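Just below is one structure, and these are the notes that go with it.
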Amino acid sequence: MLELSQSDRVFVLTGAGISAESGIPTFRGVGGLWRNYRIEEVASPNAWHRDPALVWEFYSMRRRVAAEANPNPAHLALATLERQLGNRLFLCTQNVDNLHERAGSRRVAHMHGELFKSRCDTCQRPPFSDHLLYQPPTPVPRCQCGGRVRPHICWFGEVPFEMDTIFQVLQHCTIFVAIGTSGVVEPAASFVALVGQKARTIYVGPEEPANRSAFAERYLEKAGEILPHLFPLEGKPD
Ligand code: NAD
């Protein structure tokens with residue numbers, strides 16, 4: 001178990017692995033194919049220009065999978081930790097599902113966007129909540145301005161969200177914990193190197209990540225099994 005002091009500031013980075021025990025598949029676990037979709041054909045600006053209907057079919061399928069999933073003990077443990085640490089915890093996720101929020105986390109930085117939000121690909125209308133499925137025969141949705149409504153997702157080749165805040169918080173954290181992320185996808189894979197020697201660095205997940213040498217401590221176990229015991233949580237996660 002990690003002892004936390006009053007001055008500790010904890011940065012938690014989560015990846016697809018934390019939602020695996022909730023039944024949402026990771027990408028790498030399936031060799032680049034996600035339920036018969038090749039990621040680069042459905043998750044890039046080129047894919048959107050080439051075939052927006054196929055892109056929406058893919059994200060509609062992911063909305064369906066995520067809506068059927070429930071938070072697991074790892075999500076719940078992080079929500080409990082937030083209630084204890086307040087703003088001394090910064091939760092940054094690469095996941096686009098909403099399981100952290102559904103577990104009770106109030107402040108989540110979704111650097112790769114959110115599955116249940118959409119935005120216009122043309123005008124500046126802010127992203128909005130959207131749980132609808134757009135698959136044939138439902139057409140690709142249109143904005144009032146005439147542009148197409150797209151998923152609020154950071155695709156390959158696009159700039160992740162909230163990076164200024166993330167880099168600032170990384171500078172001041174004393175404990176960095178990465179959970180269920182393969183250490184391959186940038187820029188998240190480099191966060192651990194940025195905190196360097198000044199913070200305690202911990203990895204949680206059943207396999208060694210590609211950037212394993214950057215972590216001082218590694219717990220090679222499933223997130224749902226170890227997270228409830230990793231931090232000194234008061235009371236049980238609810
Ligand atoms: P990844 O698919 O590259 O790697 C998943 C990692 O999770 C692997 O290292 C694996 O060992 C680990 N893992 C598997 N089961 C686990 C468990 N029970 N507990 C802890 N770890 C476990 O995922 P990534 O590094 O997050 O990067 C891939 C990209 O895929 C990200 O951009 C992410 O946005 C996206 N993605 C998101 C979701 C989601 O929102 N739930 C699902 C799939 C992919």
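Applying 1/(1 + (r/R0)^6) with r as the Cβ-Cβ distance of residue 40 and residue 207 and R0 = 35 angstrom yields a FRET efficiency of 0.90. Simple rule: put +1 on each Lys or Arg Cβ and -1 on each Asp or Glu Cβ in the chain, find the dipole, and look at 105, 72, 199; the Cα lying farthest toward the positive end is 105.
Take the alpha-carbon positions of the stretch 133-238, form their convex hull, and give its projected area averaged over all directions (one quarter of the hull surface) in nm². Mind dumping the intermediate values first?
Details: hull surface 43.6 nm².
Computed as one quarter of the Cα hull surface, the answer is 10.9 nm².
I need the shape label for the stretch 187-238. Rule: rounded when a/c is under 1.5, else prolate if a/b > b/c, else oblate, with a, b, c from the alpha carbon gyration tensor. Cα axes put the stretch 187-238 in the prolate bin. Applying a 4.7 Å Cβ-Cβ cutoff to the chain leaves 92, 154, 173 as cysteine residues with no disulfide-compatible partner.
Using Cβ contacts closer than 10 Å as the measure, can you line up 111, 61, 1 from fewest to most? All intermediate terms of the calculation are to be shown ahead of the outcome.
Details: 111 22, 61 17, 1 8.
Going from sparsest to densest Cβ surroundings: 1, 61, 111.
Report the charge-dipole magnitude of the chain in Debye, nearest 20, computed about the Cα centre from +1 at each Lys and Arg Cβ and -1 at each Asp and Glu Cβ. Walk me through the numbers on the way to the answer.
Values: 25 positive and 25 negative charges, 93 e Å.
The dipole magnitude comes to about 440 debye.
In terms of overall dimensions, the C-alpha atoms belonging to the chain reach 54, 33, 31 Å along their principal axes, ordered largest to smallest. A crude spin-label estimate for the pair residue 8 and residue 138, with each label 7 Å from Cα along the Cβ direction, gives 4.4 nm. Scaled to the globular estimate 2.2 N^0.38 Å, the Cα spread of the stretch 53-161, given as radius of gyration, is 1.18.
Please give me the summed charge of the neighbours of residue 211: other residues whose Cβ is under 15 Å from its Cβ, Lys and Arg +1, Asp and Glu -1. Kindly include the intermediate steps, with their values, before the conclusion.
Working: positive: 28, 212, 218; negative: 186, 207, 208, 217.
With Lys, Arg at +1 and Asp, Glu at -1, the net is -1.
Put in line by how crowded their Cβ is, counting other Cβ atoms within 10 Å and starting with the fewest, 173, 154 read 154, 173.
I'd like the trypsin sites (Lys or Arg not before Pro) in the stretch 107-175 restricted to DSSP loop residues with at most 15 other Cβ atoms within 10 Å, sorted by number. Write out the running numbers ahead of the final one.
Values: sites: 107, 117, 119, 142, 148; in loops: 107.
For trypsin sites (Lys or Arg not before Pro) across the stretch 107-175 that sit outside H, G, I, E and B with at most 15 neighbouring Cβ atoms in 10 Å, the list reads 107.
Across all directions, the average flat footprint of the convex hull enclosing the Cα atoms of the stretch 69-109 is 2.6 nm².
Each reported figure results from applying straightforward, stated rules to the coordinates on display, with no laboratory input. The shown structure was predicted, so the numbers you read here are calculated from the model rather than taken from an experiment. Here the Cβ is made from the backbone with ideal geometry for all residues, glycine too, and neighbour counts use every protein chain on show.
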